[in-house]
Amino acid sequence: MADAEFVVVRDLRKVFNGHTAVDGVSFTIERGEIFGLLGPNGAGKTTTIRMMSTTLPISAGDVTVAGHSVRRKPAAVRRHIGVCPQELALYLELTALDNLVFFGRMRGLSRREAAAQAMENLELVGLTDRARQPVAKFSGGMKRRVNLAIALMNRPELLFLDEPTVGVDPQSRNHIFDTIEGLRDGGMTVLYTTHYMEEADRLCRRIAIMDGGRVIALDTPHNLKARYGDPERVTLEDVFLRLTGRRLRDAG
Amino acid sequence: MSPGPLARPLALAGKELKLFFRDHQALLFSLALPLVLVFLMVGTFGGQAAFHATAYFVNLDSGPAGAELARRLDALPEITVKVLEAQDAERRLAASDVVNVIVVGEGFSEDLAAGRTPPVTVRQRGNGGTEGQIVNSYAAAVIREMMGERQVARRVADVLAGAGLPAPPGEIETRVAALFNEARAHPPVHVVEEAVGARSEPVAIFLPGLVTMFTLFAISLGAAVLVEERKKGTLERLMATGLSRGELLAGTWLGTFGRGLFQVAFLFALAWAGFRIFTPATFGSVLAFGVVAVAAVSAVSLVIASLARTADQAIWIAVFTTMVMSVLGGSFFDSSALKGPAAVLARLTYNHWANDGLRRIITRGEPLASPGVLTDILVLGGIALVSAAVAAAVFRVRGDEK
């Protein structure tokens, strides 16, 4: 498996009760790349991520991660991936350390290994001194950082980040960006979804824009902007609105 | 060294228990409310371990002995004497306010002093009730005691008179009374009460039903927690770790089982401390039986979690299940005595088998190996296995999965 094809998404489809949510999506992600997946609400981003991360059955097509097929070898794929969902998928009543150790143990780590990895991750997201406090007492930004730290408990090669900065203050957002860039520099591959175009512009080497369950554009931020004028003047948000239109989207 | 096959289910169960012990509302509901209800029911139906009754007493005696009889009866820890006027007593008997009245006749003191059988009448409705009959026995015993004292005093007086040693008036009666008082204070036989298993007090009868009901309630409501995990995304995150559906259900079942077992052990231990309704052997049997009962109800909880799509649905299913099973299954009465369709319906509930087993152990003192308790254990084990199989078959990680 070449580094250029660390993740291969091939003609991916998902049909719910006759409604096609994802319709023939294809792209590849290089090892060590931060790949952006953008799109309005209901475009099929989260459904795509859920299929790629093995938690939603695939209707047609396939995804391979590090050479393992999601359809045929989901257990092998899970060993390579970490998922940071859009929701705060953690236990607010437990401490940050308890949360990380618990998910580490779910990843098959021993208690000792999980505790060591948890402390390393908490240091990475700047929460070492709050390790033993209940997450319920944390600010929104701190909770998001715990959410991210949990996704790193198995030292994944591919990290799914589904809108990791929703509702956080600028300081926490900046900390999360630094963390993600640090992870990329360490060789981690990241699939990143967001509604904040400036985030995608800053972090992503390439971006796929989805609408109606399809990929309607895929390129570097610079090339996408160049399609509509001077890349120094055109913003990614301009590109996004030109491609997806200005109609309001209320679907989740 | 890689963790064993039970590592993940055990870690899941540990997380469930941590959350339970940090949830003050859950603790209050699971542990404190059942106790409040037990105390209320015991207070309502009279749950004191020792017998106690009121003796309604009419004293027509013209001398002091009638009053002395009332005083001695009242001094007994089992009896409280309520003295009534004759007319009031008749009115109350007519109205069935009281069913048993001891009437001391006019010549009671005189007959007692003369060594004749004193006139005492018991006026009662029907047979005077069980309490009345016991009160009458106490009264008869005290009267015999008074007659014995008088007899001893007379014999001593006769002996002294025969020996030409007449005593001052009242001296012999006083000294004999003092000797009898001393004998009562230091009885030659000391009786110690010791519980040996079979009990019939209200607390022993009601406790199993209440513990069963609240355990079912708390555990089935716990199903909402798993449903809630779907909503907040932790379930999907767990499934992305490589956790299998079997491990998830096993871990959830183990956590629920741990909560339930703690609840059962806590409530029965407090009942033992508060009401002394167990011996070490029966307590051990109750805990062992509780393991099977909680295993069954934990599996029922998994079925609820599997069926419900939302936390509200889970709560309503839990409430409905608990109410129906508790009413039909004998949480407030002994359902093993039911006949006909009611008996059939009762046997369809978890509560019937759990209550029956606990009552057999607590109130009848049956061992775990007795045929009745073994039947209950087998049925509960069956409920656990069938429920676990149903939960495994219908459980889905996301409602939208096909």
Of A:Lys225/B:Lys232; A:Lys14/A:Lys143; A:Lys143/B:Lys18, which ones are farther than 27 Å apart at the Cα? A:Lys225/B:Lys232; A:Lys14/A:Lys143
Give the average, rounded to an integer, of partner chain Cβ atoms located within 10 angstrom of each Cβ in B:238-251. 5
For the protein assembly as shown, build the convex hull from the C-alpha positions and give me its volume per residue in Å³. 241 Å³
Can you compute the label reach from B:Ala75? Point 7 Å from Cα along the Cβ direction, backbone N cut-off under 20 Å, restricted to segment B:144-164. B:144-154
Out of residues 5 or more away from A:Ala217 or on other chains, whose amide H comes under 5 Å of its own, with H placed 1.01 Å from N in the peptide plane? A:Ile209
Please report the projected area of segment A:3-244's Cα convex hull averaged over all directions, in nm². 13.0 nm²
Distant-in-sequence amide H partners of B:Leu84 (H built 1.01 Å from N, under 5 Å): B:Phe57, B:Val58, B:Asn59
Just checking the output field for A:87-95: average partner chain Cβ neighbours within 10 Å of each residue's Cβ? 5
Once the Cα atoms of segment B:53-185 are picked out, what are the Rg and Dmax in Å? 16.7, 58
Toward the positive end of the charge dipole of segment A:3-244, about the Cα centre and with charges on Cβ (Lys, Arg +1; Asp, Glu -1), which of A:Ile207, A:Pro85, A:Leu109 goes farthest? A:Leu109
About the Cα centre of chain B, what is the dipole size in debye to 20, counting +1 per Lys and Arg Cβ and -1 per Asp and Glu Cβ, all else neutral? 1800 debye
Short version: ³J(HN,Hα) in whole Hz for each residue of segment B:89-101, in order, from phi by Karplus 6.51 cos²θ - 1.76 cosθ + 1.60 (θ = phi - 60°), x for Gly and Pro, what are they? 4, 5, 4, 5, 4, 4, 8, 6, 5, 10, 10, 8, 10
Going from the fewest other Cβ atoms within 10 Å to the most, one would list A:Lys45, B:Lys231, B:Lys339 as B:Lys339, B:Lys231, A:Lys45
Other-chain or far-sequence residues with amide H under 5 Å of A:Leu12's (modelled H): A:Gly24, A:Val25, A:Ser26, A:Asp62
Of B:Pro166, B:Gln87, B:Leu73, which is farthest on the positive side of the dipole of segment B:53-185, counting Cα position, with +1 on Lys and Arg Cβ, -1 on Asp and Glu Cβ, and the Cα centre as origin? B:Leu73
Explain nothing, just compute: Karplus ³J(HN,Hα) = 6.51 cos²θ - 1.76 cosθ + 1.60, θ = phi - 60°, for every residue of segment B:82-87 in order, whole Hz, x for Gly and Pro. 10, 7, 10, 6, 4, 5
Helical contribution to [θ] at 222 nm, DSSP H n ≥ 4, -39,500 (n - 2.57), averaged over chain B, rounded to 500: -22000 deg cm²/dmol
Of the residues B:Ile277, B:Gln151, B:Leu248, the Cα lying farthest along the dipole of the protein assembly as shown towards its positive end, which is defined by charges on the beta carbon of Lys, Arg, Asp and Glu, belongs to B:Leu248
Have a look at segment B:228-290 and give its Rg and Dmax from the Cα atoms, expressed in angstrom. 17.7, 51
Compute the distance from the alpha-carbon center of segment B:346-386 to that of segment A:168-219, in whole Å. 59 Å
Tell me, what ³J(HN,Hα) does each residue in segment B:219-225 have, in order and in whole Hz, if you take phi through Karplus 6.51 cos²θ - 1.76 cosθ + 1.60 with θ = phi - 60° and put x for Gly and Pro? 6, 5, 5, x, 4, 4, 5
For the protein assembly as shown, with only Lys/Arg (+1) and Asp/Glu (-1) charged at the beta-carbon, what is the dipole magnitude about the Cα centre, in debye rounded to 20? 2100 debye
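Computed from the coordinates by the stated procedures, all read-outs in this text should not be read as laboratory data. Given the structure is predicted, the values throughout are model-derived calculations rather than measurements. Virtual Cβ from ideal backbone geometry, glycine too; neighbours counted across all protein chains shown.
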